[in-house]
Amino acid sequence: MVTSNSIKRLSNSRQRRRGLYLAVCLVFCGSLIIGSNIAAANGSAIPRQILSSFSYEGPYINDLAFYFYHGADAQWSALVDGVIDVGNELINPEEASEIDCDEIVADAFWGIACSTHDDPFFFEEDYYPDTPVPLPISGWPLNHLPLRRAIAMAIDKEYLADISFEYGVALDHVVPECFGEWSNPDLPSDYRSGDLEGANTLLDDSGFEDRNGDGYRDAPDSDNEVNINLFYAPLEWYPKADSHSVLLTDNNVIAEYIGEILGELGFQYTVNRVLPEVLYYITHYGTRGYHLALIPFFLKGLHLNTGTRPITIPLYIKDWFYSWSIPYTNIFNYDNETCDADIEALDTTPDYNDFKELVWDIQENVAENQPIIPLITTKVFTAHRNDRFEEWVNTPYIGSSNYWSLLQARLKSGQPEANSISGVGGAMDFGLTVAPDTLNPILTSVESSWLVLDAIYSRLVDKQPLTDEAIPNLARSWIIEPEGDGLKLTFNLVSNATWHDDTPFTSSDVNFTYYYIRDLPGPWPVRDSKPVLNFTSIDVINNVTIVIHTPLNGYNNFIELVNIPILPEHIWKDILQPVYFTNPRPVGTGPFRFVSRPEPGIIFLEYFEEYHFGFPGARQEIVYVDVPLLTWLAAGSFVIIMTALAAFWFLRRRPHGFEP
């Protein structure tokens, strides 16, 4: 039975607990006082560890300006004089005390194409109407692997690099290091050592001997005379528009050296100078009518219209070495079952690491079988000043003049513009040698326009700048699932992204962007460079979840599909003719907001405070008194002791806590 006394005891018990809770809260508040003041005294109210490692958080500057200069010389002068902080033009690494040069291995190289096919090929007399030299009818004897290996083994690439370029690089990779982690660092090195003696021994052991006593080697499978033809087009014969400035050198010297190597290997040889169009005809139209061809190879990954954070997957290896590409892009007539299987697997491998392993395996296969002998390339340089900013991101493809530098570079310690606590602040000036043509991301294919647009617009998923590995942007996470022959892509979007006009970002903007770009009639650079921008359907689950169904597979298709700028639906839904829309005041969700464009070659941006990867409070000055730490400890201890005494006195006076 419940009595009034038991109710009274229960009430007193509750009141005593309330009193005890109050005392504990008072002590805890005193502890908070000492903790917060210690943090302020040490200047660590903003977590500094975020500044010490690479991440996609940022930016660390307040203002960003782009200035157009007429030519590389004008931009270089502005850089030396401190007018700009970074430029996007290739430069010579001249000495300057406050300028750092970003070293990049060029995305092009001189190499030897070897015709590897052994099928005989018969042709009419008029098959080569414009060719001034006799041509063999098959790749024989270059179909013999030991011969290709011996040629590669005998060539001294270091010597060629020294005589061809001021900053020459001997090249053994068909995927140079400018492609970052896509370049296999563990290729077999047995046949690329510049060892003439070893090359001759390899030929002896493989049956390439002088059997008829004429002083020249004969092939092991024929009594026919071996006369190896080397074709090349002197660089001065190329039209000026077709000559690649990175590879400007006297390739006559390279061709003469290769001929000498063939002679020292014991072969008869002919070095044929032909017009560029004849060289192209010989190597591309199924004639198989050459042995060796000295060619400038220009390497392109998936980087068109992806701005200054390019996708650098070296997909050219699919075209170069897939047997189904013979003879158009597979000019080597290379037919290898293992290589074909790896190339076909690329289109069905959505996982990044598995995809990269396939790319490495293809490089290893090519290095073993030598359908191409990479020779030399050169280093190129971009530059930035090092007196004000640090933490530039030097990407292997384009140097420091990229989106990631805009996001990661920050003022050096002690700069007067910097926030007193976080170090954030300052204005960066960026030099351009081509003025942006338009700020419409659908229309432009100009790199300088994309440098600006990259700072304004965000993508669904971004890529790590050194590896091409997918990292979050507007999608904070995603799930890739097989669906028939394609993929089901579920994206969980960030919930804190805002358009620069303060309109909330939602999944409807993603849905709108993909349908808008895909369904517009006519050619558009942002779409037509991306044939994988096709999908079966899109499901908008809610404001922060969206599902894209695509019939395509493969990591390259995934990263290309998700790497387009997302447009604000509330603005672009009324743009029915984007070909006439210059987008004079672009609105995005990126780290920088458009301010003005007073001249066609000058554009001003500012940090967007609501950027979803920014860090709140980093630009707020925190004013604190520089009191010694021991003083704060003593003060905090006093507060805790006095609070505890007050609580003890209170409970002694009111043992039952608060009573009505």
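What number of residues within the range 559-584 satisfy the criterion of being farther than 15 Å from residue 518 by Cα, in contact with a Ser or Thr (Cβ under 8 Å, 6 or more places away or on another chain) and open to solvent by less than 10 Å² (accessible area, probe 1.4 Å)?
Narrowing the range 559-584 to residues farther than 15 Å from residue 518 by Cα: 559, 568, 570-571, 574, 580-584.
Right, trim to in contact with a Ser or Thr (Cβ under 8 Å, 6 or more places away or on another chain) and you get 568, 570, 582-583.
Still in the running and open to solvent by less than 10 Å² (accessible area, probe 1.4 Å): 568, 583.
Counting residues in the range 559-584 that are farther than 15 Å from residue 518 by Cα, in contact with a Ser or Thr (Cβ under 8 Å, 6 or more places away or on another chain) and open to solvent by less than 10 Å² (accessible area, probe 1.4 Å) gives 2.
Mind listing whichever residues of the range 504-522 are hydrophobic (A, V, I, L, M, F, W, C) and either over 14 Å from residue 493 (Cβ atoms) or in contact with a Lys or Arg (Cβ under 7 Å, 6 or more places away or on another chain) (or both)?
Residues satisfying the conditions are 512, 517, 520.
Table: residues versus (1) under 28 Å from residue 394 (Cα atoms); (2) part of a helix (DSSP H, G or I); (3) of a type in the set (D, E, K, R).
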| residue | (1), (2), (3) |
| --- | --- |
| 143 | no, no, no |
| 150 | no, yes, no |
| 161 | yes, yes, no |
| 169 | yes, no, no |
| 185 | yes, no, no |
| 194 | no, no, no |
| 199 | no, yes, no |
| 202 | no, yes, no |
| 211 | no, no, yes |
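What are the residues in the range 275-285 that are in a loop (DSSP other than H, G, I, E, B) and among the hydroxyl-bearing types (Ser, Thr, Tyr), if any?
Of everything in the range 275-285, just one residue is in a loop (DSSP other than H, G, I, E, B) and among the hydroxyl-bearing types (Ser, Thr, Tyr), namely 285.
Restricting to the range 393-438, count the residues that are within 25 Å of residue 582 (Cα to Cα), part of a loop (DSSP other than H, G, I, E, B) and under 14 Å from the mean Cα position of the chain (by Cα).
2
Can you pull out the residues in the range 187-207 that are without any contact (Cβ under 8 Å) to a residue 60 or more places away in the chain and either of a type in the set (Asp, Glu) or open to solvent by less than 60 Å² (accessible area, probe 1.4 Å) (or both)?
If the condition is that a residue be without any contact (Cβ under 8 Å) to a residue 60 or more places away in the chain and either of a type in the set (Asp, Glu) or open to solvent by less than 60 Å² (accessible area, probe 1.4 Å) (or both), then 190, 194, 195, 197, 198, 202, 204, 205, 207 are the ones that fit.
Condition check: out of contact with any His (no Cβ under 6 Å at 6 or more places or on another chain), modelled with pLDDT of 95 or more and either acidic (Asp, Glu) or open to solvent by less than 20 Å² (accessible area, probe 1.4 Å) (or both). Does residue 500 satisfy that?
In short, yes.
Mind counting the residues in the range 556-598 that are in contact with a helix residue (DSSP H, G or I) (Cβ under 7 Å, 6 or more places away or on another chain) and of a type in the set (Val, Ile, Thr)?
3
Would you mind stating whether residue 177 is in contact (Cβ under 8 Å) with a residue 60 or more places away in the chain, open to solvent by 40 Å² or more (accessible area, probe 1.4 Å) and under 45 Å from the mean Cα position of the chain (by Cα)?
When the stated conditions are applied, residue 177 passes them.
Quickly run through the range 335-363 and pick out the residues that are outside any helix (DSSP H, G or I) and either out of contact with any helix residue (DSSP H, G or I) (no Cβ under 8 Å at 6 or more places or on another chain) or free of Cβ contacts under 8 Å to residues at least 60 places away in the same chain (or both).
Across the range 335-363, the qualifying residues are 336, 348.
Take residue 272 and tell me if it is part of a strand (DSSP E or B) and surrounded by 13 or more Cβ atoms within 10 Å (Cβ to Cβ).
So residue 272 passes the test.
Does residue 218 count as open to solvent by 30 Å² or more (accessible area, probe 1.4 Å) and free of Cβ contacts under 8 Å to residues at least 60 places away in the same chain?
Answer is no for this residue.
List the pairs whose first member sits in the range 381-396 and is more than 20 Å from residue 427 (Cα to Cα), whose second member is of a type in the set (Lys, Arg), and whose Cβ atoms are under 9 Å apart, counting only residues at least 6 apart or on separate chains?
Final answer for the pair search is 395/309.
May I ask you to verify whether residue 246 is in a helix (DSSP H, G or I), surrounded by fewer than 21 Cβ atoms within 10 Å (Cβ to Cβ) and modelled with pLDDT under 90?
Details: in a helix (DSSP H, G or I): yes; surrounded by fewer than 21 Cβ atoms within 10 Å (Cβ to Cβ): yes; modelled with pLDDT under 90: yes.
It is true that residue 246 is in a helix (DSSP H, G or I), surrounded by fewer than 21 Cβ atoms within 10 Å (Cβ to Cβ) and modelled with pLDDT under 90.
Rundown of residues vs (1) in contact with a Ser or Thr (Cβ under 9 Å, 6 or more places away or on another chain); (2) surrounded by 21 or more Cβ atoms within 10 Å (Cβ to Cβ); (3) modelled with pLDDT under 70, yes/no style:
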| site | (1), (2), (3) |
| --- | --- |
| 63 | no, no, no |
| 81 | no, no, no |
| 105 | yes, yes, no |
| 132 | no, no, yes |
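Name the single residue, out of those in the range 364-382 being part of a strand (DSSP E or B) and modelled with pLDDT of 85 or more, that is most open to solvent (accessible area, probe 1.4 Å).
So the residue we want is 379.
Which residue pairs have Cβ atoms under 8 Å apart, sit 6 or more places apart or on different chains, and have a first residue in the range 320-334 that is closer than 19 Å to residue 294 by Cα and a second that is buried (at least 21 other Cβ atoms within 10 Å of the Cβ) and among the charged types (D, E, K, R)?
From the range 320-334, the pairs are 327/288; 333/288.
If the requirement is being basic (Lys, Arg), touching a strand residue (DSSP E or B) at 6+ places or on another chain (Cβ under 9 Å) and more than 18 Å from residue 260 (Cβ to Cβ), which of these qualifies: 211, 217?
On the way: 217 fails: more than 18 Å from residue 260 (Cβ to Cβ).
Testing whether each residue is basic (Lys, Arg), touching a strand residue (DSSP E or B) at 6+ places or on another chain (Cβ under 9 Å) and more than 18 Å from residue 260 (Cβ to Cβ) leaves just 211.
Name the single residue, out of those in the range 473-494 being of a type in the set (S, T, N, Q) and modelled with pLDDT under 95, that is most open to solvent (accessible area, probe 1.4 Å).
So the residue we want is 477.
If residue 210 satisfies all but one of (1) closer than 30 Å to residue 400 by Cα; (2) open to solvent by 60 Å² or more (accessible area, probe 1.4 Å), what's the number of the condition it fails?
Against the list (1) closer than 30 Å to residue 400 by Cα; (2) open to solvent by 60 Å² or more (accessible area, probe 1.4 Å), residue 210 comes up short only on (1).
If residue 575 satisfies all but one of (1) in a loop (DSSP other than H, G, I, E, B); (2) in contact with a Leu (Cβ under 8 Å, 6 or more places away or on another chain); (3) free of Cβ contacts under 8 Å to residues at least 12 places away in the same chain, what's the number of the condition it fails?
Condition (2) is where residue 575 drops out.
The values are calculated or read from the model by the stated rules, or taken from the named source; none is laboratory data. All of these numbers come straight from a predicted model, not from anything done at the bench. Note that each Cβ is placed from the backbone with ideal geometry, even for glycine, and that neighbours are counted across all protein chains shown. Surface accessibility is based on the protein's heavy atoms, side chains included, excluding ligands, DNA and RNA. Shrake-Rupley method; radii C 1.70, N 1.55, O 1.52, S 1.80 Å.
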